[in-house]
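Here is the structure we will look at.
The values are calculated or read from the model by the stated rules, or taken from the named source; none is laboratory data. Quick caveat, the model's predicted, so the values are computed rather than measured. Positions of Cβ are backbone-derived with ideal geometry, glycine not excepted, and every protein chain shown enters the neighbour counts. To get the accessible areas, we keep the full protein, side chains included, count just its heavy atoms, and leave off ligands, DNA and RNA. Shrake-Rupley method; radii C 1.70, N 1.55, O 1.52, S 1.80 Å.
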Amino acid sequence: MEERTLKVVTAAIAVRDGRVFIAKRRNAGKLPGKWEFPGGKSEAGESLEACLRREIREELGVEIEIAGHFGTSIYDYPFGSIRLEAFIVKLLSEDFTLLDHSEVHWADLRKIDGYDFSPADIPFV
């Protein structure tokens, strides 16, 4: 049996006025069209917080403030296993440049379970 490497991935959870910020993956690549809390893979020697700041800057073109750790989710995808570390954040701008996503949305928390989320993100929903 082949042992899989567990990739560490970060996610940003921004909440305001009863809504949470979510992003929809492009219709290409891994998990096409799925909604997620944006973030990405950590690099060697990088703290989780530094990873999340870098990924949000790269994927959305904005800066964030990190308020604290929200939770951990481990999921085994067919293409690899991940440990998703989610943080509560504040978006410092909404002048987005979408590179990895087709759209972003402030979703009503009362209706959040109606979105088709990536499996690793579901425990945070």
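Per the listing ILE74, ILE56, the residue uniquely touching a Leu at 6+ places or on another chain (Cβ under 9 Å) and free of Cβ contacts under 8 Å to residues at least 60 places away in the same chain is ILE56. For residues in the stretch 70-104 being surrounded by fewer than 15 Cβ atoms within 10 Å (Cβ to Cβ) and within 13 Å of the chain's Cα centre (by Cα), which is nearest to VAL9 (Cα to Cα)? Among them, the one singled out is THR72. From the list HIS101, HIS105, HIS69, the lone residue that is closer than 14 Å to PHE21 by Cα and in contact with an Asp or Glu (Cβ under 8 Å, 6 or more places away or on another chain) is HIS101. Condition check for ALA12 on (1) outside any loop (DSSP other than H, G, I, E, B); (2) over 18 Å from TYR115 (Cβ atoms): one failure, at (2).
Go through the residues of the stretch 55-67 one by one and say whether even a single one is exposed (fewer than 12 other Cβ atoms within 10 Å of the Cβ) and hydrophobic (A, V, I, L, M, F, W, C). So far as the stretch 55-67 goes, no, none of its residues is exposed (fewer than 12 other Cβ atoms within 10 Å of the Cβ) and hydrophobic (A, V, I, L, M, F, W, C).
Answer yes or no as to whether VAL8 is open to solvent by 20 Å² or more (accessible area, probe 1.4 Å) and modelled with pLDDT of 95 or more. So VAL8 fits the description; yes. Within the stretch 27-46, being assigned to a loop (DSSP other than H, G, I, E, B) and surrounded by 11 or more Cβ atoms within 10 Å (Cβ to Cβ) holds for LYS30, LEU31, PRO32, GLY33, LYS34, PHE37, PRO38, SER42, GLU43, GLU46. Hey, can you tell me all the residues within the stretch 16-26 that are assigned to a strand (DSSP E or B) and surrounded by fewer than 14 Cβ atoms within 10 Å (Cβ to Cβ)? Across the stretch 16-26, the qualifying residue is only ARG16.
May I ask you to verify whether GLU65 is part of a strand (DSSP E or B) and more than 18 Å from VAL125 (Cα to Cα)? Answer is yes for this residue.
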